[in-house]
Amino acid sequence: MLIAHLPSGYILATYLLERVRNVPVKASWVIAAGMLGAVAPDFDMLYFFFVDHGQVHHHRYISHWPLLWLCLTALSLGWCWLARTSVVGWLLLVFSLGGFLHVILDTLAGDIWWLAPFVDQRYTLVTVPARFKPWWLNYMAHWTFVIELSICAWACLRFWRRRQALVSAA
């Protein structure tokens, strides 16, 4: 995924807000946590470019391990269960769900080590052939990019509908 992580976090957070009525956190914070979590695994790009100099595929870093995001989600669920009104617990839950969604979406056309650190095997649903330079043109020219554009359109539609609902409620 190139462009759909941030919009996917917005979609996730707004659906959570619709489903869970008694969240002890402002809606804007929940949306921010979901969007931040949805891009958080790619913060490893700073290390990838400035420290590692592209030697290791950034999806091999711990920030892209599904186990990390599952553990964070389990921890935050426990926190929310023990302290139902904990702002930090809820924000961590939405953040970790956003990170886990990121890894799921990356599996579509990118390698994810789903069993890391126990098994060194990458998994992907679709292989994008390397035909163009720079590398990102390969993803933009592939049919999976339509899925990314659809996620972006879906997020824009949700934003517009939420905004309309707020305007009509006022």
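The values are calculated or read from the model by the stated rules, or taken from the named source; none is laboratory data. All of these numbers come straight from a predicted model, not from anything done at the bench. Cβ sites come from the backbone with ideal geometry, for glycine too, and all protein chains shown count toward neighbours. Just the protein is used for accessible areas: all its heavy atoms, side chains included, with ligands, DNA and RNA removed. Shrake-Rupley method; radii C 1.70, N 1.55, O 1.52, S 1.80 Å.
Before we move on, is L115 more than 27 Å from A27 (Cβ to Cβ) and either outside any helix (DSSP H, G or I) or of a type outside the set (S, T, Y) (or both)?
In short, yes.
Among the residues of segment 155-170, is any of a type in the set (D, E, K, R), in a helix (DSSP H, G or I) and under 15 Å from the mean Cα position of the chain (by Cα)?
Residues of segment 155-170 that are of a type in the set (D, E, K, R), as a first pass: 158, 161-163.
If we keep only those that are in a helix (DSSP H, G or I) as well, we get 158, 161-163.
Applying the additional criterion that residues be under 15 Å from the mean Cα position of the chain (by Cα) yields none.
Checked segment 155-170: no residue is of a type in the set (D, E, K, R), in a helix (DSSP H, G or I) and under 15 Å from the mean Cα position of the chain (by Cα).
Cβ-Cβ below 8 Å, separation at least six or inter-chain, first residue in segment 121-147 and within 15 Å of I3 (Cβ to Cβ) and without any contact (Cβ under 8 Å) to a residue 40 or more places away in the chain, second open to solvent by less than 100 Å² (accessible area, probe 1.4 Å) and not in a loop (DSSP other than H, G, I, E, B): which pairs?
V128/A109; V128/N138; V128/Y139; V128/T144; H142/A109; T144/L108; T144/A109
In segment 83-98, which residues are outside any loop (DSSP other than H, G, I, E, B) and either under 16 Å from the mean Cα position of the chain (by Cα) or modelled with pLDDT under 95 (or both)?
L91, L92, L93, V94, F95, S96, L97, G98
Need pairs with beta-carbon distance below 9 Å; first residue touching a residue at least 12 places away in the same chain (Cβ under 8 Å) and open to solvent by 70 Å² or more (accessible area, probe 1.4 Å) and within segment 13-29, second of a type in the set (V, I, T) and in a helix (DSSP H, G or I); sequence gap 6+ or separate chains.
W29/V87; W29/V94
For the subset of segment 82-111 comprising residues that are out of contact with any helix residue (DSSP H, G or I) (no Cβ under 8 Å at 6 or more places or on another chain) and of a type in the set (S, T, N, Q), which member is least open to solvent (accessible area, probe 1.4 Å)?
T107
Based on this model, can you work out whether W114 counts as in contact with a strand residue (DSSP E or B) (Cβ under 6 Å, 6 or more places away or on another chain), without any contact (Cβ under 8 Å) to a residue 60 or more places away in the chain and surrounded by fewer than 20 Cβ atoms within 10 Å (Cβ to Cβ)?
yes
Return yes or no: is A130 of a type outside the set (S, T, Y) and in a helix (DSSP H, G or I)?
Numbers: of a type outside the set (S, T, Y): yes; in a helix (DSSP H, G or I): no.
Here the answer is no, as A130 does not meet what is asked.
Given the conditions (1) aromatic (F, W, Y); (2) open to solvent by 20 Å² or more (accessible area, probe 1.4 Å); (3) under 21 Å from the mean Cα position of the chain (by Cα), which single one is not true for W135?
For W135, the failing item is (3).
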